[in-house]
Amino acid sequence: MHAIQRLSRTGFSLVELAVISVLIGIMAAFTLPRFRAAVERSKAAEAFNYLACVQAAQERYHSRQNTYADDLSDLDIKLTAPQYFSIGSIRAGGTDSLEDSWTLSLTRFGASAGYGEYTVTFNEEGFDEESSTIVDHPDINPMQS
């Protein structure tokens, strides 16, 4: 009898491993979508930061020239292009004149965690919700509260 007591159990049983695997799978099912949204939200924030810098530079340009710039190279900033967005061209905004309005959109390209292509648009007043398709994705929109 003493010899049987010396045999100790080592490792995990198949049932224990199956339970652990199921628990890990359940946790991953809940956390992976949130993780993807957080990563995409940080990429979207890059576009917002870029456009906020452009907006500030446009205001400085307007105060000197009485018009908004129609080309990013005319602005007094040196920005690195956002890594995950293509940059559109500056156009006249709601008044159809660069003298008092402008608009610029960035479009998300590549794999976007299942969100597809979306745009972030700014104008002379800041974030343009009406022209931005990121508003359709409140979980990744940095402007959502």
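The values are calculated or read from the model by the stated rules, or taken from the named source; none is laboratory data. This is a predicted model, so every value here is computed, not measured. Don't worry about glycine lacking a Cβ; one is built from the backbone with ideal geometry, like all the others, and counts go over all protein chains shown.
List of remarks:
- If you filter the stretch 26-45 down to residues that are modelled with pLDDT under 85 and of a type in the set (Gly, Ala, Ser), you find that the one that is farthest from His137 (Cα to Cα) is Ala28.
- Verdict on Glu129 being in contact with a helix residue (DSSP H, G or I) (Cβ under 6 Å, 6 or more places away or on another chain), within 24 Å of Ala57 (Cα to Cα) and part of a loop (DSSP other than H, G, I, E, B): yes
- Evaluating Leu79 against the criteria (1) within 30 Å of Thr31 (Cα to Cα); (2) at pLDDT below 95 leaves one unmet condition, (1).
- Members of the stretch 106-126 that are among the charged types (D, E, K, R) and either in a loop (DSSP other than H, G, I, E, B) or more than 14 Å from the chain's Cα centre (by Cα) (or both): Glu117, Glu124, Glu125
- Scanning the stretch 8-22 for residues that are assigned to a helix (DSSP H, G or I), at pLDDT 85 or above and under 30 Å from the mean Cα position of the chain (by Cα) turns up nothing.
- Qualifying residue in the stretch 46-54 (condition: without any contact (Cβ under 8 Å) to a residue 60 or more places away in the chain and of a type in the set (Val, Ile, Thr)): no
- The stretch 54-105 - residue that is assigned to a loop (DSSP other than H, G, I, E, B), more than 22 Å from the chain's Cα centre (by Cα) and charged (D, E, K, R) and, of those, farthest from Glu130 (Cα to Cα): Asp76
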